[in-house]
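The numbers here are math on the coordinates, done by the rules we state, and not lab data. Here the structure is a predicted model, which means the values were calculated and not measured. Using ideal geometry, Cβ is built from the backbone for each residue, glycine included, and neighbour counts are taken over all protein chains shown.
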């Protein structure tokens, strides 16, 4: 049996296809709002009140504050009583809950995907229970409060096998961390240009970047850094219980070696995953194309699990 993708190599490990490919991890400069994608005029001016796209807020117990999110409901949601699987999409550093829907063609992709898509706001939290601000429990907010909110307010299928999570840059790190920490909550986790070494990244001395890392993970040497390190978490995980992992980065993105190392570690641990390197940079143009490819993988994996 063969699974081929242009510019990719597949290896079968146990019963899984493991693709060991060059990846890249991106640097997060304050411009992680990055190169804005040239959107269609009707998309750029879209009104979120249109059918299927809604903004909402709820009170997070973990944060003790109200938090906003954007949600896309599948076509026919209002006219049916059917329940749907859920995809959570996490934004990057200096981003917000609107980014995925306003800066990519997600609305077009969603038309062909019968999923509820939830996009929460998480500020510049690194999707982490802060080591320095006791009330900033952003991991608990996403993995407990938000999921409970979406399951209660919308007709979701409330099971691991119908729940996926993915993100870009900081959000890619968050999605994989949530998958490693909560393997019973998701069957699929995706990272696009993921900041996979963020907790231990000591090379960037740009004050805003350094201060953001220290707010989330504490100063260098703080135990929170290793507790939130993906490599450390992967070493202590049961590969059989983990969700299917999807990783993709642009070939011109930075931190390439870190992503290669993480892919190699996944292969060593015999985790079910696929990793892709595609032409592109740390930009919305790349993420738009990569999002489409990841959603195809999500559908494929979902169908394979029945």
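Once the Cβ-Cβ distance of residue 184 and residue 299 is raised to the sixth power relative to R0 = 25 Å, the FRET efficiency obtained is 0.70. Ordered by the number of other Cβ atoms lying within 10 Å of each residue's own Cβ, fewest first, 201, 222, 238 fall into the sequence 238, 222, 201. Descending by average beta-carbon neighbour count within 10 Å, the peptides 292-298, 280-286 line up as 280-286, 292-298, the highest first.
Between residue 292 and residue 240, the simple label model (points 7 Å from Cα in the Cβ direction) yields a spacing of 4.0 nm. Averaging Cα coordinates gives a centre for region 108-150 and one for region 235-306; these two points are 20 Å apart. Fully extending the segment from residue 267 to residue 211, taken as 0.36 nm per residue of separation minus the present Cα-Cα distance, adds 16.8 nm.
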